[in-house]
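A.B. asks: Pasting in a structure now, in structure tokens, and then I'll have a few things to ask.
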Amino acid sequence: MKYTLLFFALILPFFANTKLLAGENSPGTAGYIQDQAPKLSAKSYLLYDYTSSQILLEQNSHQHIEPASLTKLMTAYIVFSSLKQNKLAPDKKIYPSEQALHIQRNEARMYLEHKKSVTVDELLRGLIVDSASDAARVLAETIAGSDATFAELMNREAQRLGMIDTHFVNSTGLPNDLHYSSAYDLTLLTAAILNEFPEQLPLYSQRDFTYNHIKHYNSNRLLWMDPYVDGIKTGHTESTGYCLLATANRNNHRLISAVLGSASDSLRNSESQRLLNYGYQNFDILYLYKKNEPIHNIRLWKGTEKTVKAGLRDGLTITLPKGQRALLKASIETRQPLLAPISNGQQIGKIKLTLDNKPFLEFSLVALEPVPLVNIFSRGLDSIRMLLDGQ
């Protein structure tokens, strides 16, 4: 086997609004324009381009911290899953247990009552808008029977999502030595919520809600400060400090910022705003290839066709520092000889991008059509041709 490389310029007159999901094309740290990047006082932070699945800036993003009420992102994620699978109904009435209502003095609460029913929809609003711990525990008990069993579900989902720096012991974020996460993992979870449950995002942008004649306010002050911000969650503990996961959408370009361990509420807001502004002011989004659009025809042997169309399963959207598009180049790498049969979606090569002659991003190239084997006589002829070509 040998590899062949095809180099070509990225001169593309068309753009397509596509998004790379976490998985094979996982986010990588770009580390661009470090001299212009903001230096934050937070313990850890990360700026993630959700539209292109690229990390634009990070600092100590895998450092373990107490996630505090950011824990409730996973609590909500599991509730969203239960709703989508029809295991739970929004209008289901629940009578909170006395155990679920026993929360610590400094925890946010909806002021639920033991003998008064509350719907799942009301609990979700309390969980998300008010960050209510009593709502979190009632939902946990409803789904799993107990908060401890629900934590097992949380850890299972965290593992499935690839949150390797995370472990949960409760649904609320109450401090515990075995309860931790990281800026990277919480960003990954936020991206999963946006991707899998986009219909729930309006809950995270709701500024207030009223339950039992008590008005509760969202503690994410960026909802008032920035018209493009539409979520997502705050958190605070004495040991960690003030935290904020925020997301903004400007001109169909979505960013997620994670700021963990700021010294004050106002500082977590201003530092999150600085991160988002840095992303929008210093980077351009480029929609390069459409989903399943042919990029190149690759030579094929022993098939009913002499070539196979190759492209990207999910299309390709990337983020670049402003003014650097001309420095972007691409090459296609395929393993030769490529032999039939070929199935639709089969990986048959890679497309590698360089920026200013330095490795930038890499993606799998897949077959966009199936190609079966040709008859035995033609396969024999191709074998002879391959020998003559040195394949």
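Any read-out appearing in this document is the output of simple, stated calculations on the displayed coordinates, not a laboratory observation. Here the structure is a predicted model, which means the values were calculated and not measured. Methodologically, a virtual Cβ is constructed for each residue, glycine included, from the backbone with ideal geometry; neighbour enumeration extends over all protein chains shown.
A.B. asks: Please find, within the range 287-311, the residue that is nearest to LYS358 (Cα to Cα) out of those that are in contact with a Lys or Arg (Cβ under 7 Å, 6 or more places away or on another chain) and surrounded by 19 or more Cβ atoms within 10 Å (Cβ to Cβ).
C.D. replies: So the residue we want is LEU300.
A.B. asks: Taking into account only those residues within the range 96-133 that are surrounded by fewer than 20 Cβ atoms within 10 Å (Cβ to Cβ) and within 14 Å of VAL79 (Cα to Cα), which is nearest to the chain's Cα centre (by Cα)?
C.D. replies: Filtering the range 96-133 for residues that are surrounded by fewer than 20 Cβ atoms within 10 Å (Cβ to Cβ) and within 14 Å of VAL79 (Cα to Cα), the one nearest to the chain's Cα centre (by Cα) comes out as ASP121.
A.B. asks: Let me ask another. When the range 318-360 is examined, which residues are found to be acidic (Asp, Glu) and at positive phi? Steps first, answer last, please.
C.D. replies: Taking the range 318-360 first, the residues acidic (Asp, Glu) are 333, 356.
Selection gives ASP356 alone.
A.B. asks: If you don't mind, there's one more thing I want to ask. GLU107 fails exactly one of the following numbered conditions: (1) part of a strand (DSSP E or B); (2) acidic (Asp, Glu); (3) in contact with a helix residue (DSSP H, G or I) (Cβ under 6 Å, 6 or more places away or on another chain). What is the number of that condition?
C.D. replies: Every listed condition holds for GLU107 apart from (1).
A.B. asks: Could you grab me the full set of residues in the range 170-226 that are within 15 Å of the chain's Cα centre (by Cα), closer than 25 Å to LYS43 by Cα and acidic (Asp, Glu)?
C.D. replies: If the condition is that a residue be within 15 Å of the chain's Cα centre (by Cα), closer than 25 Å to LYS43 by Cα and acidic (Asp, Glu), then ASP185 is the only one that fits.
A.B. asks: Which of the residues that make up the range 134-161 are crowded, with 21+ Cβ neighbours inside 10 Å and in contact (Cβ under 8 Å) with a residue 60 or more places away in the chain?
C.D. replies: The answer is ALA136, LEU139, ALA140, PHE150, MET154, ALA158.
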